[in-house]
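What follows is one structure encoded as structure tokens, with my remarks underneath.
The values are calculated or read from the model by the stated rules, or taken from the named source; none is laboratory data. Because the structure is predicted, anything quoted here is derived from the model rather than measured. Here the Cβ positions follow ideal geometry from the backbone for every residue, glycine too, while neighbour counts run over all protein chains shown.
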Amino acid sequence: MQHLAPVPLCPSHNERMKVNLAFTAYSCQFDGCTVTYSEEEGYVRFVNGVKQRPSNAKRCVECTVHLYLVQRGKIRSEDIWFCPNKACPSKKLHLVDPHS
């Protein structure tokens, strides 16, 4: 079983991003890659000084926080995204009573 990344993956390089304290975000470590991720902005890339959002950026349907990529699938529909909001309703454990 493949483990999910505990931090965002760069959507361009599929590698774990590193904390970037200058931006209070995560940044890709590949030379020349300008992809960053934060809960407030989601994934952004700077091209010639202009901020661009990737077309596959996603928001949580429960709390609207920007999701981050934790595992790349063989095809895009198999990608696994994570909501970083610890208070998000999607993280609540729903127990089912087997006697009901």
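Cβ-Cβ below 6 Å, separation at least six or inter-chain, first residue in the range 9-29 and in contact (Cβ under 8 Å) with a residue 24 or more places away in the chain and in a loop (DSSP other than H, G, I, E, B), second surrounded by 13 or more Cβ atoms within 10 Å (Cβ to Cβ) and of a type in the set (D, E, K, R): which pairs?
N14/R72
State the number of residues belonging to the range 66-77 that are surrounded by 17 or more Cβ atoms within 10 Å (Cβ to Cβ) and free of Cβ contacts under 8 Å to residues at least 60 places away in the same chain.
2
Please state which one of A57, A25 is of a type in the set (G, A, S), surrounded by 12 or more Cβ atoms within 10 Å (Cβ to Cβ) and more than 19 Å from I80 (Cα to Cα).
Of the residues listed, the single one that is of a type in the set (G, A, S), surrounded by 12 or more Cβ atoms within 10 Å (Cβ to Cβ) and more than 19 Å from I80 (Cα to Cα) is A25.
Given the conditions (1) surrounded by 11 or more Cβ atoms within 10 Å (Cβ to Cβ); (2) under 11 Å from the mean Cα position of the chain (by Cα); (3) not β-branched (V, I, T), and given that P6 satisfies all but one, which numbered condition is not satisfied?
Of (1) surrounded by 11 or more Cβ atoms within 10 Å (Cβ to Cβ); (2) under 11 Å from the mean Cα position of the chain (by Cα); (3) not β-branched (V, I, T), only one is false for P6: (1).
In the list V65, V61, V70, which residue meets the criterion of being at pLDDT 80 or above, of a type outside the set (F, W, Y) and in contact with a Phe, Trp or Tyr (Cβ under 6 Å, 6 or more places away or on another chain)?
Within the list V65, V61, V70, the selection yields V70.
Do we find a residue being among the aliphatic types (A, V, I, L, M) and at pLDDT below 90 anywhere in the range 28-42?
no
Could you check how many residues of the range 28-54 are surrounded by 14 or more Cβ atoms within 10 Å (Cβ to Cβ) and among the β-branched types (V, I, T)?
4
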